[in-house]
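Scroll down for the structure; my scribbles are underneath it.
The values are calculated or read from the model by the stated rules, or taken from the named source; none is laboratory data. Everything numeric in this text was worked out from a predicted model, so none of it was measured. Because the Cβ atoms are built from the backbone with ideal geometry, glycine has one as well, and the counts that use them run over all protein chains shown.
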Amino acid sequence: MRISFRNCLFFILAQLPFYCISPVEIPVEGNLGTLVISGQISTVEGRTLIQIGRTAPDRLPYAVRGSTVLLIDHLENQIAMIEYDSGIYRLPGFQGVPGSLYHVEIILSTGAVYRSQPEMIPIENLPLELSYTFGEDQAVNADGATIRQKFISIYASTSLNNLKNIRIGYIVNETFMVSPTDFPDPFGSIPPPCFIDQKAEPNRIAQVSTRNITGSKIENILICKRNIDWTFLEKHYFTAYQTLLSEESFQYWSRVNTLANQTGSIFDTPPAQIRGNIQNLASPEETIWGYVQSVNETTERFVLYPYDFPFPIFFSNENCTYNPNRTEQYSQYCLNCLTMKNSTLQRPDWF
Amino acid sequence: MVLRGRNLMAACILVISTCLSIQAQDPWASATLLIVGKDTAQLAQRSNVIVTGTIRTRETGTPIAGASISVNGFKFFNYSDNNGRYILELPKGEYKVTVRHISTKTDYSRIKVLGSGVFDIELDEGVTSLESLTILARPIDANIQQSITGLTTLSTTEMKALPMLLGEVDIVKGIQLMPGVTSIGEGATGFNVRGGRSDQNLILLNEAPLFNTSHALGFVSSFSQEVVDNFDLYKGTIPAQYGGRASSVVSINTLNPKPEPWEYEGGIGPLTSRFTAKGVVREEKSALLISGRYAYPNWILKKVSNPDVNTSRTSFNDTYISYDHKINDGNKFKTFLYQSHDSFNWSDKFKYSWSNFLLQTSWVGFTNRKASPTVNLTYGQFKTTLVDPIEPTASQLQNCMRYLQLKSTLNYILNDFFTLTGGVESMFYFPNQEVKKGYGSNANLAPRSVLKNSGLENSAFINNEFTYKKFAFTLGIRASHYLQVGPDSVYHYTDGQPRTLQSVIDTTYYEQLKPIQSYGGLEPRAGIRYSITKNQSIKIGYNRMRQYIHQISNTTTATPVDSWIASDQYIPPQLSDSYSVGYFVNLNDNVWETSLEVFGRRMKNIIEYIDFAQLNANPHLETELISSVGRSYGLELLLRKLKGRWTGWVSYSYSQSQIRTPATTGTFSINSGAWFPSNFNKPHVFNAVWTKKGYKNGAFSIIATYSSGRPITAIESSYIVNGSVIPVYSLRNQYKIPDYVRIDISLTIGNVFKKINDSLILSIYNLLGRDNAYSVFYSRPSANYYIPKPYKLSVLGSALPSITYNFKISDK
């Protein structure tokens, strides 16, 4: 084969690297076992909760159980929250009152007392409209090949009702059902489905400050971008929460967002610790992570069925449907759907 | 600076070689007898007369520093100074003159001196020894004889011998191979000298300050190789004529166009091309140099499979125009214009551009060759635009720093042992307002303008160089004064509390040019050399520097679009005190040069930032800044081979650069007020450079470089709130990224085509293909894995080859 100079040149240039990203080991130490207290007091029933844990190496915090958690308003009225799950405290039937100041006081089993900074639930409540579109991205997979990835984008719009200088945050949760593989058995029993409720796009922290926005409406804020995968083979709910935040809470989430968007480029803001609003009353210098916020929330929800998509969705490998001719192994969640994160057998009322 | 060390060994060699030359063949036999001076009655009464002149290269007209001029053997002898000027005091008569320099062919002339007069000398480029490759633009024992510490000089010839990224000869990359100089990594703008920040380096292009010296995110420097003649890096003792920055000075000198036949040279590469033309405009009077460079990397970007890369676009260009006009033997006017522009669009995710503009006119006087005055008037501008096209807050941010500079310098050579440099300098900074406005179809963002500080910096300086027995001294003092003037709105904050928006108690508006705040003080400079023997010396140096203009950058490293701000009530001038001690030894007839330097520096009022500082279009910028102190110390070892078939050097530096925010700054102290390493702290740095001369101007070079990883702030644990993972970071800069290792090679093939003076340069940057970490960041959590994992970003992930063809065509 004749190799021309031009071909050689192209071969050399094709090797041109521009950047590459690869895993690296950064051994760390210290700052483990630090108390984490986080949660919110919400105007929506069932959305008020406090979570208590301690940081752990290379995993999420382990729960701190057996604490007394008191919700206190500006009139010093207090209600004890109930530990529903390990380190998770809820207040069934409670709805925060807009304009009221709330804080929580936590008494650990060791006797140490912690308190959050009082925050007022914003008085305003804004309507929420959702819309969505489908799209397709090009991406590079682990093998370096270019692949096409379909996705759904969810947008929020709201009227500002002549309100100035307000701060809004958005959270989108998804809820879907996973039906385990119904293998033939002599009793004809059908394994119960699991319901997974989780944040639809864990990385995204959608926020808007209206400080520099003119006009009476905010339109089409991208609040979630979710890749289409096998979880859409059955009906799939999206629930959006629009939360009006205090200035402090907004700043806290802005910083979380800054850290979440680090790409290692020269334009990255140097990372730093994010201080919350919790304090040890006896020892104010103790480091405590987390934030307890008071929010005024609006909720909207919609559902998608497989036939709602403008394109066919088919994921053979992830499909749990029993097929006697199937040669590949079934996924772990097809055998036991409770192995999935955030899964439960309890069907939500509205599902 | 006058190099007046009477190196006995060098003199002996010159005497011997001169004698040998005379025995073999009388080199003056063919020389025309030239008449110097006029035989006037007044002069006739004096026993001795003064002969002065400038020694230059014939090809480029560049003044040659450190050339030896000897008359009738060694009866009368001197060296040329940095501007190529020399002075001899000798009786009237007829003489044989020998002029030598290590980088040129020896010149033999015959002169008849009738009285005081001018005798300019032009030397042909070349090497004196056929067996050696020597690429020095300085006296070979300059490191021993100079009285100042930490001076590095490199010529374009030296830089051209080094393998460079994309085949571009790069001053900044060359500087980074010197001990005591580090950089964050590929793609980083600027460099760090002895623990100083990149904005603490004064970069002068023909005495005009430049705010940015890079193209393409720092991959290529702003200076084309056809334009640059040489540069000096002052990292130890800094002469008093330089000021305004706290760390170092890089003085870049461009070629002077000569009224000679036109020459054309250039280079063609896969990503950039450049072209330069220079020659006569009016015979013996005026000359012009025009140079341009243009980058066209987009055709390669489009071929990369990564969609982020193939949808990105970048380009840059620069232009340099210089015009010299000789009015008469005593007066010359010089004018130059420099502009550069960069633009970068990263996959429609962000865009930015920046541009430099310089226009300078100078008068150079030669009325009395002992005293040579120079006056420069310069207008400079550095403009940046940063675009965030992401809805709904798509915006663009524009900044523009402008200045006017007037600098007058008088260089006076009293005699062989005493030189005086004095002058005054004024810099007026008058930036445009910072503007943030909506971008593209997004009109929701209300335009916002923020006034930037204007200020006038005045300085007077005097620098004295003299020798006494085995000592040589550089003693200088610079008096600087800064006045911030309106228009500006000054916010007043509650005393004793951290400055926040909530603690603003009053606002004062100052109208145009109304004085607001002033600072000033003396800046002593000193360098002392003691010669132990003819090839050993000890030097000590001390500097005090004030810096009235600051780069505002809350990123890991300075970016090309960082803005600059002049001092104000809340941003006092940065102040540095630097100390250095060095021991210098040359071995084997100056073939080997060795040195050991130890340095220390203390800095005050350096700018640090609160966590998550908001710097863009912020009228309350002072609420985001913390005044800090810094310190750095270290040692530098250098072993360098200057002559022979191969040349090169090995250097090692150990250094520490640390910052502390005093507790008096209240709740915003960083790391609880303890010392912490700066972003660019790299304790161990090792460089090795090896160049071997080949056939027909060919050469082969290798560079090896190693440095410790720089500090980072790492994630120590994480927790979840509302489904979002919140990382818990360590204290600032408590960990470090992996070490950096790189090897580059370069092969130069001379005379590719017979009738053209040309060369082909093949180079491979990062030969090992090592994916050195530029930075470490953490993966975003996914549905399957919540804990952020560390990843390193390598700007260059594998070897980067390049081919560049250079040519030179002359009308001569």
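Odds and ends about this structure:
- For segment A:197-216, the candidate set comprises residues that are out of contact with any Leu (no Cβ under 9 Å at 6 or more places or on another chain) and crowded, with 20+ Cβ neighbours inside 10 Å; within that set, the residue that is nearest to the other protein chains (Cβ to nearest Cβ) is A:Lys199.
- Residue in segment A:175-189 that is surrounded by 12 or more Cβ atoms within 10 Å (Cβ to Cβ), within 16 Å of the chain's Cα centre (by Cα) and either under 26 Å from A:Asn257 (Cα atoms) or in the same structural domain as A:Tyr305 (by TED's automatic domain parsing) (or both) present: yes
- Only residues that are closer than 23 Å to A:Pro118 by Cβ and not in a strand (DSSP E or B) were counted across segment A:47-82, and they come to 9.
- Filtered by the rule that a residue be within 26 Å of A:Leu160 (Cβ to Cβ) and in a helix (DSSP H, G or I), segment A:225-272 gives A:Glu247, A:Glu248, A:Ser249, A:Phe250, A:Gln251, A:Tyr252, A:Trp253, A:Ser254, A:Arg255, A:Val256, A:Asn257, A:Thr258.
- Residue within segment A:272-294 that is modelled with pLDDT of 85 or more, surrounded by fewer than 16 Cβ atoms within 10 Å (Cβ to Cβ) and of a type in the set (S, T, N, Q) present: yes
- So B:Lys302, is it surrounded by fewer than 17 Cβ atoms within 10 Å (Cβ to Cβ), within 26 Å of A:Phe267 (Cβ to Cβ) and within 14 Å of chain A (Cβ to nearest Cβ): yes
- The lone exception for A:Asn261 - which of (1) free of Cβ contacts under 8 Å to residues at least 60 places away in the same chain; (2) more than 9 Å from every other protein chain (Cβ to nearest Cβ) it fails: (2)
- Which listed residue is surrounded by 15 or more Cβ atoms within 10 Å (Cβ to Cβ), more than 8 Å from every other protein chain (Cβ to nearest Cβ) and under 30 Å from A:Pro118 (Cα atoms), from A:Thr269, A:Thr298: A:Thr298
- Residue list for segment B:596-619, filter: surrounded by fewer than 18 Cβ atoms within 10 Å (Cβ to Cβ) and either basic (Lys, Arg) or more than 14 Å from chain A (Cβ to nearest Cβ) (or both): B:Leu596, B:Val598, B:Gly600, B:Arg602, B:Lys604
- Test set (1) over 17 Å from A:Ile274 (Cβ atoms); (2) buried (at least 18 other Cβ atoms within 10 Å of the Cβ); (3) charged (D, E, K, R) - B:Glu716 fails condition number: (1)
- The set of residues in segment B:514-536 that are surrounded by fewer than 13 Cβ atoms within 10 Å (Cβ to Cβ) and assigned to a strand (DSSP E or B) comprises B:Pro515, B:Leu522, B:Thr533.
- All told, B:Lys334 meets the bar of being at pLDDT 90 or above and basic (Lys, Arg).
- Segment A:292-351 - residue that is aliphatic (A, V, I, L, M) and assigned to a helix (DSSP H, G or I) and, of those, farthest from A:Glu124 (Cα to Cα): A:Leu335
- Selection count, segment A:83-107, where residues are under 28 Å from A:Gly33 (Cβ atoms), of a type in the set (Val, Ile, Thr) and outside any strand (DSSP E or B): 0
- Within segment B:480-510, the set of residues being surrounded by fewer than 15 Cβ atoms within 10 Å (Cβ to Cβ), β-branched (Val, Ile, Thr) and more than 20 Å from B:Tyr609 (Cβ to Cβ) comprises B:Thr494, B:Ile505, B:Thr507, B:Thr508.
- Selection status of B:Ala394, modelled with pLDDT under 95, more than 21 Å from the chain's Cα centre (by Cα), assigned by TED's automatic domain parsing to the domain that holds B:Gly292 and surrounded by fewer than 16 Cβ atoms within 10 Å (Cβ to Cβ): no
- Residue count for segment B:227-259, restricted to those that are of a type in the set (Gly, Ala, Ser) and not in a loop (DSSP other than H, G, I, E, B): 2
- Some residue of segment A:309-325 being more than 9 Å from every other protein chain (Cβ to nearest Cβ), surrounded by 13 or more Cβ atoms within 10 Å (Cβ to Cβ) and modelled with pLDDT of 85 or more: yes
- Among the candidates A:Val64, A:Val97, residue that is in contact (Cβ under 8 Å) with a residue 40 or more places away in the chain, within 14 Å of chain B (Cβ to nearest Cβ) and either surrounded by fewer than 21 Cβ atoms within 10 Å (Cβ to Cβ) or not charged (D, E, K, R) (or both): A:Val64
- Elements of the type strands (runs of 3 or more DSSP E) sitting completely within segment B:310-392 and holding at least 3 residues that are aromatic (Phe, Trp, Tyr), touching a strand residue (DSSP E or B) at 6+ places or on another chain (Cβ under 8 Å) and away from chain A (no Cβ under 14 Å): these cover B:313-328, B:331-346.
- Only residues that are under 14 Å from B:Glu168 (Cβ atoms) and over 22 Å from the mean Cα position of the chain (by Cα) were counted in segment B:280-293, giving 0.
- Of A:Glu247, A:Glu219, all but one fail to be surrounded by fewer than 17 Cβ atoms within 10 Å (Cβ to Cβ), touching a residue at least 60 places away in the same chain (Cβ under 8 Å), more than 10 Å from chain B (Cβ to nearest Cβ) and not small (Gly, Ala, Ser); the exception is A:Glu247.
- Any chance B:Pro727 is touching a strand residue (DSSP E or B) at 6+ places or on another chain (Cβ under 8 Å) and facing another protein chain (nearest Cβ under 7 Å): yes
- In segment B:625-641, the residues that are aromatic (Phe, Trp, Tyr) reach residues that are not in a strand (DSSP E or B) with C-beta atoms within less than 9 angstrom, at least six apart or across chains, in these pairs: B:Tyr633/B:Arg194; B:Tyr633/B:Gly195.
- Test: residue in segment B:748-756 that is part of a strand (DSSP E or B), at pLDDT 85 or above and more than 7 Å from every other protein chain (Cβ to nearest Cβ): yes
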